[in-house]
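To keep things clear, I will list the structure first and then write my remarks on it.
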Amino acid sequence: MKVDELSLYSVPERQSKYVEEPRTQIEETISQLRHHCEPYTSWCQETYCQTKPKVQSLVQWGFDSYEYLQNAPPGFFPRLGVIGFAGLVGLFFTRGSKLKKLVYPPGFMGLAASIYYPQQAITFVQVSGEKLYDWGLRGYIVVEDLWKENFQKPGNVKNSPGNK
């Protein structure tokens with residue numbers, strides 16, 4: 001006897017066919033809506049992936065700040081009060097000018113903070129001075145290039161400061 005002759009091993013012939021039903025109007029509408037919304041959803045996903053680490057670091061900074069304020073070193077809160085009061089005094093002196101409102105409060109607060117934290121103030125001033133020098137140098141180079149491009153005539157090349 002052969003294996004095919006045994007009923008236990010015989011496989012019935014497949015006569016069924018899978019027929020996909022046509023889409024309904026609501027399925028078509030949902031499909032079109034998904035295709036139209038796909039660029040926006042992908043943009044939202046990219047934005048979420050970019051901002052999530054930043055938000056997590058901000059939350060961690062908040063937790064760390066809270067822990068620091070719970071276990072603050074002695075004399076921290078009086079110093080903080082004096083620095084904040086210096087900012088308020090700076091606001092008091094700024095009547096009238098918008099430029100003064102931008103300069104006086106941070107300046108007074110920086111002055112008060114430098115009294116309590118002189119080493120950090122020196123470091124801050126050194127780094128800020130270097131950055132201001134770099135910005136000034138960049139600005140000078142840009143202005144010099146613009147001057148050469150726009151105001152220097154082709155006949156005056158011999159008289160220019162760079163060609164002596």
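The values are calculated or read from the model by the stated rules, or taken from the named source; none is laboratory data. What you are looking at is a predicted structure, and each value in this text was computed from that prediction instead of being measured. So basically every Cβ, Gly included, is an ideal-geometry build from the backbone, and we count neighbours across all protein chains shown. Each accessible area value is taken on the protein alone, full model and side chains, heavy atoms only, with ligands, DNA and RNA left out. Shrake-Rupley method; radii C 1.70, N 1.55, O 1.52, S 1.80 Å.
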Response to the item:
Sole miss for THR94 among (1) at pLDDT 90 or above; (2) not in a helix (DSSP H, G or I) is condition (1)
Discussion item. Need pairs with beta-carbon distance below 8 Å; first residue among the hydroxyl-bearing types (Ser, Thr, Tyr) and within segment 82-101, second assigned to a helix (DSSP H, G or I); sequence gap 6+ or separate chains.
Written reply: THR94/LYS100; THR94/LYS101; THR94/TYR104; THR94/PRO105
Worksheet, complete the sentence: Within segment 80-120, residues within 22 Å of LEU69 (Cβ to Cβ) and of a type in the set (A, V, I, L, M) come out as LEU80, VAL82, ILE83, ALA86, LEU88, MET109, ALA112, ALA113, ILE115
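SER42: open to solvent by 60 Å² or more (accessible area, probe 1.4 Å) and at pLDDT 90 or above, yes or no?
Against the criterion (open to solvent by 60 Å² or more (accessible area, probe 1.4 Å) and at pLDDT 90 or above), SER42 does not qualify.
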Discussion item. Can you tell me which of (1) open to solvent by 80 Å² or more (accessible area, probe 1.4 Å); (2) closer than 26 Å to VAL125 by Cα; (3) part of a loop (DSSP other than H, G, I, E, B) is the one LYS101 doesn't meet?
Written reply: (3)
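Is it the case that ALA113 is surrounded by 10 or more Cβ atoms within 10 Å (Cβ to Cβ), of a type in the set (A, V, I, L, M) and in a helix (DSSP H, G or I)?
Considered against the rule, which asks whether it is surrounded by 10 or more Cβ atoms within 10 Å (Cβ to Cβ), of a type in the set (A, V, I, L, M) and in a helix (DSSP H, G or I), ALA113 comes out as yes.
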Worksheet item: Does segment 57-77 include one or more residues that are closer than 27 Å to SER128 by Cα, open to solvent by less than 100 Å² (accessible area, probe 1.4 Å), without any contact (Cβ under 8 Å) to a residue 40 or more places away in the chain and not in a helix (DSSP H, G or I)?
Response: no
